[in-house]
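Read the structure below first, then the notes.
The values are calculated or read from the model by the stated rules, or taken from the named source; none is laboratory data. Note that the structure is a prediction, hence the values are computed from the model and not measured. All Cβ positions, even for glycine, are placed from backbone atoms using ideal geometry, and neighbour counts span all protein chains on display. Surface areas here come from the heavy atoms of the whole protein model, side chains and all, with no ligands, DNA or RNA. Shrake-Rupley method; radii C 1.70, N 1.55, O 1.52, S 1.80 Å.
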Amino acid sequence: FNSDETGLQSQGHSFLLDFSNWIDFLKPRLETVLLKSAIKEYQFGLLAVAQGQYRHAYLALRFFLEQTLAAIHFSAKELELRQWMNGEIDIYWENIMSEDNGIFSKCFVNVFCPELIEEVGIYKGLARVVYRGCSEFIHGNYNTHDRLPETLEYRKAIYEDWHEKADAARVIVTFALCLRYLILIDDKAKKARMESAIMEY
């Protein structure tokens, strides 16, 4: 932590409250089970990156991104959500990112938040980049071996790379939550509570 002059770890932790507010707001909905799972993985990612367990930190970050976007995907497909809860189907990144009916598809956006249709492409592209970047570490791609230390030690470049990806993941997740759920926020007090966290990202 003495080496973390940028305050990246603190910034990462401050997101926990913002995400918890979304969970509280969406509490009655079935898909919150995925959001609760996602935030636990995000917390583990913060712990792992602070301990020098970098490969595990990337795994947790990818899981956080995937589980949150899966929750949003299933929010519009209750049958699939219940099938997933019954262990009958799995979560597939390709379905979440589908051009036809994924969460960044024109079909999805036009129904839930047409005002954001022009911005969707940017966030969809960013989601693909972050997911792919994390996956390289998870799959043990050759180019990751030299970047990771052999022991549990601090390595500035990889620490900062993880936090850069985590920051992008927070932006993607916040955008996706707005894309799907802003339509449901009709209470002024709730809007005010969510606004500062949304605008930060």
statement: When every residue in region 42-54 that is more than 26 Å from L184 (Cα to Cα) and either touching a strand residue (DSSP E or B) at 6+ places or on another chain (Cβ under 6 Å) or not aliphatic (A, V, I, L, M) (or both) is compared, the one surrounded by the most Cβ atoms within 10 Å (Cβ to Cβ) is G45
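Just checking, which of M97, M85 is open to solvent by 10 Å² or more (accessible area, probe 1.4 Å), at pLDDT 95 or above and of a type outside the set (G, A, S)?
On the way: M97 fails: open to solvent by 10 Å² or more (accessible area, probe 1.4 Å).
Residue meeting the stated conditions: M85.
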task: Show the residue pairs that are 6+ apart or on different chains and have beta-carbon atoms under 8 Å apart, the first residue being within region 128-141 and in contact (Cβ under 8 Å) with a residue 12 or more places away in the chain, the second being open to solvent by less than 40 Å² (accessible area, probe 1.4 Å) and not in a helix (DSSP H, G or I).
output: R128/M97; F137/L148
message: What are the pairs with Cβ atoms under 6 angstrom where one residue, in region 3-22, is assigned to a helix (DSSP H, G or I) and open to solvent by less than 30 Å² (accessible area, probe 1.4 Å) and the other, located anywhere, is β-branched (V, I, T) and at pLDDT 90 or above? Sequence gap at least six, or different chains.
response: F19/I39
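Output the residues belonging to region 35-68 that are under 19 Å from R180 (Cβ atoms) and touching a Gly at 6+ places or on another chain (Cβ under 9 Å).
Across region 35-68, the qualifying residues are Y42, F64.
What number of residues within region 156-165 satisfy the criterion of being open to solvent by 80 Å² or more (accessible area, probe 1.4 Å) and in contact (Cβ under 8 Å) with a residue 12 or more places away in the chain?
Start the filter on region 156-165 by keeping residues that are open to solvent by 80 Å² or more (accessible area, probe 1.4 Å), which leaves 156, 164.
Of the ones still in play, those that are also in contact (Cβ under 8 Å) with a residue 12 or more places away in the chain are 156.
Qualifying residue count for the region: 1.
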message: With the requirement that a residue be in contact (Cβ under 8 Å) with a residue 40 or more places away in the chain and in a loop (DSSP other than H, G, I, E, B), what does region 71-100 give you?
response: A76
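Yes/no per residue for (1) outside any helix (DSSP H, G or I); (2) hydrophobic (A, V, I, L, M, F, W, C); (3) open to solvent by less than 20 Å² (accessible area, probe 1.4 Å):
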position	(1), (2), (3)
K27	yes, no, no
V33	no, yes, no
R62	no, no, no
L65	no, yes, yes
L69	no, yes, yes
